[in-house]
Amino acid sequence: MPDTDVLIQRAHLLLSQGRSEDAVKQLSEVLHADPNNDHALSLMGRARFDQQRYKEGMDLIQRAISQEPTESYYYYLMAFGYYNMENNPHAQLNIRKAIELHPYQPDYFGLWAILLLEKNQFSEALERANEGLALDPENVSCLNARATALNKLNRTDESIDTMKTVLDADPENYYTHVNVGWNLLEKGRQKEATTHFREALRLNPRAEAARAGLKQSLKSNIPPYKWLLQYSFWLNNKGSVARWAIPIGIYFGVRAVDYLSRNAPPAVATAGMIIVGLYIILALGSWFINPLANLFLFFHKDGKYALTSGEKWGAVLTVSALVTGLACLGIYFFLTDGVSDFYLIAGILAISLALPLSVLEFPVQLSFRNVALKQLLAMAALLIGLIWIALFFTGALTQALFQTYIYIIIAFTWGAALSR
């Protein structure tokens, strides 16, 4: 039987080659003979991370820490695990512990900078990235974090210079191309971003961040989508309070304009109507532009392969409900002279179904465990909409019930917009 050191060295090599399953086999032999081998436990945790089994990996690394509580690298791995499980506070606690134990490892500062970027602490992230680069000027993690921080701080020229540096340092690093692509996309340079996302997928066809970026860059060729995406970038760069306060402030601002313009002189009233109309178009557009853009990708040579089957279903169902609703409203306004409310109500109900369909992820998860709040709200709104359509066609839909439904849909739009 090979000795422990040989098996661990093989596991190291296999992990560097992306062969996590083969590494697990080597490490299982080590742990069978020595269940408390902290080095093997940490490597097994890394292998589970590669397989996206983060909870299992972190349990293994925690066992390694219990055996060797002064090994900084184990805390770095724990921070990485918490980062992937979207637990930023615990990730920061562990990366700080790693740096406290070993303050001369640039990768630690790179991860810390990434965690600060997630919290929109861009200046602090830049400081941590620069600290890491002071230890190793070519560290890819720190260069990527520095480029992103500079981009978020609108220091575009410095950001681009850093992107060039990181690409020169490691042109075959798929993560670098993903990072550069997203930074360029945020600045509205979608054609350049598309090139980097394609290169990232060439280097790593399973890179979901690259696939998501490619879809966004291709959809940004549609001007309305590009404008809304830029607004989304701008809003997400604000603090957590601002992300919900700004939309609410805009909403009440428009309501105030609508109220004040009702009894105003004709010119002012017209301006108020235009502002309110633009707001309604923007609000509806923000809901429907994504499925419409996905439908556009159906006919794009790259986009049709980038879409998942769930996104295709979402686009088809949303656009079908939207077109049906608009057709009914068209019949009501142009063919019936507004005599019957049948097509008006049918149109409103159909368009209302398009709202939850536009954010619902397919296939729908019937198990409510680990389902995002927005998805639960979308499922509830869709179910209620179908019930109300049944009431409509059976003649049981009263005016009071219809008004109640309108309030439910309005509540859904706010709840979904303010949740993740």
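The values are calculated or read from the model by the stated rules, or taken from the named source; none is laboratory data. Everything quoted here is computed from the prediction, not taken from an experiment. No Cβ is skipped: glycine too gets one built from the backbone with ideal geometry, and neighbour counts run over all protein chains shown. The area values use the complete protein model at the heavy-atom level, side chains included, leaving out ligands, DNA and RNA. Shrake-Rupley method; radii C 1.70, N 1.55, O 1.52, S 1.80 Å.
So the values come out like this:
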| read-out | value |
| --- | --- |
| Residue under evaluation ALA264, criteria (1) open to solvent by 50 Å² or more (accessible area, probe 1.4 Å); (2) over 30 Å from GLY325 (Cα atoms); (3) more than 24 Å from the chain's Cα centre (by Cα), criterion not met | (1) |
| Residue selected from region 22-58 under the condition charged (D, E, K, R) and farther than 25 Å from ALA79 by Cβ, by the criterion most open to solvent (accessible area, probe 1.4 Å) | LYS25 |
| In region 1-17, the residues that are among the small types (Gly, Ala, Ser) and loosely packed, with under 12 Cβ neighbours inside 10 Å | SER16 |
| Selection status of ARG146, at pLDDT below 95, among the basic types (Lys, Arg) and touching a helix residue (DSSP H, G or I) at 6+ places or on another chain (Cβ under 8 Å) | yes |
| Test for LEU307: is it more than 15 Å from ALA354 (Cα to Cα), modelled with pLDDT under 85, aliphatic (A, V, I, L, M) and surrounded by 14 or more Cβ atoms within 10 Å (Cβ to Cβ) | yes |
| Residue list for region 321-347, filter: under 16 Å from GLY285 (Cα atoms) and either open to solvent by less than 70 Å² (accessible area, probe 1.4 Å) or touching a Cys at 6+ places or on another chain (Cβ under 6 Å) (or both) | ALA321, LEU322, GLY325 |
| Candidates VAL371, VAL364 - the one that is more than 24 Å from GLY285 (Cβ to Cβ), of a type outside the set (D, E, K, R), open to solvent by less than 30 Å² (accessible area, probe 1.4 Å) and assigned to a loop (DSSP other than H, G, I, E, B) | VAL371 |
| Residue in region 173-187 that is open to solvent by 50 Å² or more (accessible area, probe 1.4 Å), basic (Lys, Arg) and more than 20 Å from the chain's Cα centre (by Cα) present | no |
| Any hit, region 389-397, residues being under 17 Å from SER419 (Cα atoms) and out of contact with any helix residue (DSSP H, G or I) (no Cβ under 7 Å at 6 or more places or on another chain) | no |
| Residues within region 141-155 that are farther than 19 Å from ALA210 by Cβ and surrounded by 24 or more Cβ atoms within 10 Å (Cβ to Cβ), tallied | 3 |
| Any hit, region 156-166, residues being surrounded by fewer than 22 Cβ atoms within 10 Å (Cβ to Cβ), in contact (Cβ under 8 Å) with a residue 40 or more places away in the chain and not aliphatic (A, V, I, L, M) | no |
| Every residue from region 103-140 that is surrounded by fewer than 17 Cβ atoms within 10 Å (Cβ to Cβ) and not in a helix (DSSP H, G or I) | PRO103, TYR104, LYS119, ASN120, PRO137, GLU138 |
| Residue within region 250-270 that is closer than 23 Å to VAL359 by Cα and either at pLDDT below 85 or not polar (S, T, N, Q) (or both) present | yes |
| Residue in region 278-294 that is in contact (Cβ under 8 Å) with a residue 40 or more places away in the chain and β-branched (Val, Ile, Thr) present | yes |
